[in-house]
Amino acid sequence: MPRTHATVEAAVRVLELFDADRTEWTLSELARHLNQPTSTVHEQLLTLTASGLLVKVGRGRYRLGWRLLKLSSALYGSLPWYAPAHDTMERLARGTHLLAFLCVLHGDQVLCVARSVQGRDGPPVAGELDFELPAHATASGKLLLALAGRPLPQPSQTFTDFTLGTFATWDAETRSIRKQNHALSRDEWALGTSGLAVPLRGEGGAVLAALGLSLPTARMHTAETLLRTLKNAAAEVGWTLGHRETGAGGQG
């Protein structure tokens, strides 16, 4: 690997360690976690701090820098669907009292780019703080992969007895998803956690993201009502983006 590429990869690995669960790290903690020499990690921290991507705070701790906020603002500003989708997601969270989310497909990865727990009145569910989700074991992941015509990811980790793990079950599931224009997961990532997801479509019917809800499995008896709510919300976003549904499945 060229040195420049390796340097960028190393910097990305450092930045990815900062999340809502762990907002600050020390040099020694990072070195242990990355299994790298302290001198190597220190050099990376100096570069990231000088660029404004990290900032050094009290007692030798580091946290994400403000420059990342500028970059994220530029990213979201380049996505015309993000603002109306985000507003809709937050209304869903308030209206259903569940965790609502937006996910996108990035290569073979399913990334949760936004989530909201406004007004939630139930217990926590699995994956509330995860950025990358298991594509074959979540409603959003199955939906995005199915609509993109992707095969079962390999290797596919088995999380519970309900995780889809064979090509035959995956093919049957994806055919159903494409027909119904929605996806469900039930105890597939973690026992007690289920999910629902529908596509957000733009002009020409292009799939932009998955809009969904994560809920305790005990509340899946309301899935039919929640799916109607999700599909209506997605249709409203699609309308503002130039998508006009032409059939019962809404696939345009």
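Would you check which residues across segment 176-192 are open to solvent by less than 30 Å² (accessible area, probe 1.4 Å), on the phi < 0 side of the Ramachandran plot and either at pLDDT below 95 or not in a strand (DSSP E or B) (or both) and list them? Full working, then the answer.
Looking only at segment 176-192, we keep the residues that are open to solvent by less than 30 Å² (accessible area, probe 1.4 Å), and these are 177, 181-183, 185, 187-188, 190.
Applying the additional criterion that residues be on the phi < 0 side of the Ramachandran plot yields 177, 182-183, 185, 188, 190.
The answer is I177, H182, E188, A190.
Any residue at all in segment 93-106 that is part of a loop (DSSP other than H, G, I, E, B), farther than 27 Å from A137 by Cα and touching a strand residue (DSSP E or B) at 6+ places or on another chain (Cβ under 6 Å)? Let's see the steps before the verdict.
Pass one, segment 93-106, residues part of a loop (DSSP other than H, G, I, E, B): 97-98.
Subset that is farther than 27 Å from A137 by Cα: none.
Scanning segment 93-106, I find no residue that is part of a loop (DSSP other than H, G, I, E, B), farther than 27 Å from A137 by Cα and touching a strand residue (DSSP E or B) at 6+ places or on another chain (Cβ under 6 Å), so the answer is no.
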Report yes if some residue within segment 158-170 is in a helix (DSSP H, G or I), open to solvent by 10 Å² or more (accessible area, probe 1.4 Å) and free of Cβ contacts under 8 Å to residues at least 12 places away in the same chain; otherwise report no. yes
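Among the residues that make up segment 201-209, is at least one of them under 22 Å from the mean Cα position of the chain (by Cα) and under 17 Å from D108 (Cβ atoms)?
Step one: of segment 201-209, the residues under 22 Å from the mean Cα position of the chain (by Cα) are 201-202, 205-209.
Then drop every residue that is not under 17 Å from D108 (Cβ atoms), which leaves 207, 209.
Within segment 201-209, one or more residues are under 22 Å from the mean Cα position of the chain (by Cα) and under 17 Å from D108 (Cβ atoms).
Considering only segment 62-92, state which residues are under 23 Å from P134 (Cβ atoms) and over 16 Å from the mean Cα position of the chain (by Cα).
Just the residues of segment 62-92 that are under 23 Å from P134 (Cβ atoms), to begin with: 85, 89, 92.
Answer for segment 62-92, where residues must be under 23 Å from P134 (Cβ atoms) and over 16 Å from the mean Cα position of the chain (by Cα): just L92.
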Is it fair to say T96 is open to solvent by less than 60 Å² (accessible area, probe 1.4 Å), of a type in the set (S, T, N, Q) and within 20 Å of the chain's Cα centre (by Cα)? yes
Might you let me know whether segment 201-208 holds any residue that is modelled with pLDDT under 95, at negative phi, open to solvent by 70 Å² or more (accessible area, probe 1.4 Å) and not basic (K, R)? yes
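The values are calculated or read from the model by the stated rules, or taken from the named source; none is laboratory data. Model, not experiment: these values are computed from the prediction. Every residue, glycine among them, receives a Cβ derived from its backbone with ideal geometry; neighbour counts consider all protein chains shown. The area values use the complete protein model at the heavy-atom level, side chains included, leaving out ligands, DNA and RNA. Shrake-Rupley method; radii C 1.70, N 1.55, O 1.52, S 1.80 Å.
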